[in-house]
Amino acid sequence: MSQLINIFLEPGKVFAGLKDKPSFLVPALVVVLATTLSGLLYFFNVDPEWFTNYQLQAAAQDMSKAELEQARQFMPGARTLGYISAVTTPIVFAIIFSLLALYYMLAGKISGNPTSFRHGLSLAAWSSMPMVLGAVIAIIGVYTSSPQSSLESMQLLNVDPLFVQLETGHPWATLARSFSLLNLWVWFLAALGWKTWYRTGWGQALFVVLLPYVVIYGVMAAFAAF
């Protein structure tokens, strides 16, 4: 359990210990539970009527009034979405962690640093621990903000709303609302883990860790720009 604290204070020491005994279940569960809880609390506290109108607002320009009313009747309420998110969030994280583990296996094979799937899962899970802080901040936001606030506005360390507040439908809104400053911490931890395990330089470690995110955010930026 001390590793859950030391990953924030002495991450190099934690990764050194994980090299021979890689683990992933505890940090993965902590991240998933914290994220799931923050989502549940939002959906259970948001104004249901306002939330429905907010969702429909994004589609208002492309739908007639009759279509909007029909959509309103079939649209799941906030609490229902809360239960749905409680089921889907763990599944999404399981997929993301598995994909990252496979990526680290491939990167290890190419770079000459053999990486097992378990090591890949360990690196992905432990480096994601800063996301717990994001979930805690979101929970604080739920209880200190108006009940007529969007889920995106609870992510207080994202580019939107921290630096900019873009309208829904703005070309750059998706990118701004999906990029968190905590990503920088997550990437640093992942690179530190890679560097610690394989005694590489920072250059290789950062390249391995950042490559998929450069591609993902690069594609998002390209769609926003063009």
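Just so it is clear, none of the values below were taken in a lab; they were calculated from the coordinates. Since the structure is predicted, the reported quantities are computational estimates derived from the model, not experimental observations. We place every Cβ from the backbone using ideal geometry, glycine too, and count neighbours over all the protein chains shown.
Figures for the structure shown
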read-out	value
Subset of region 14-41 that is in a helix (DSSP H, G or I) and more than 16 Å from the chain's Cα centre (by Cα) - its residue that is nearest to Glu152 (Cα to Cα)	Leu41
Any hit, region 179-186, residues being surrounded by 18 or more Cβ atoms within 10 Å (Cβ to Cβ), assigned to a helix (DSSP H, G or I) and touching a Phe, Trp or Tyr at 6+ places or on another chain (Cβ under 7 Å)	no
Qualifying positions in region 169-226 - touching a residue at least 60 places away in the same chain (Cβ under 8 Å) and under 30 Å from Tyr54 (Cβ atoms)	Gly169
Filter result for the condition that a residue is over 18 Å from the mean Cα position of the chain (by Cα), surrounded by fewer than 18 Cβ atoms within 10 Å (Cβ to Cβ) and more than 22 Å from Val30 (Cβ to Cβ), over Arg118, Arg79	Arg79
Test: residue in region 155-162 that is in a helix (DSSP H, G or I), on the phi < 0 side of the Ramachandran plot and aliphatic (A, V, I, L, M)	yes
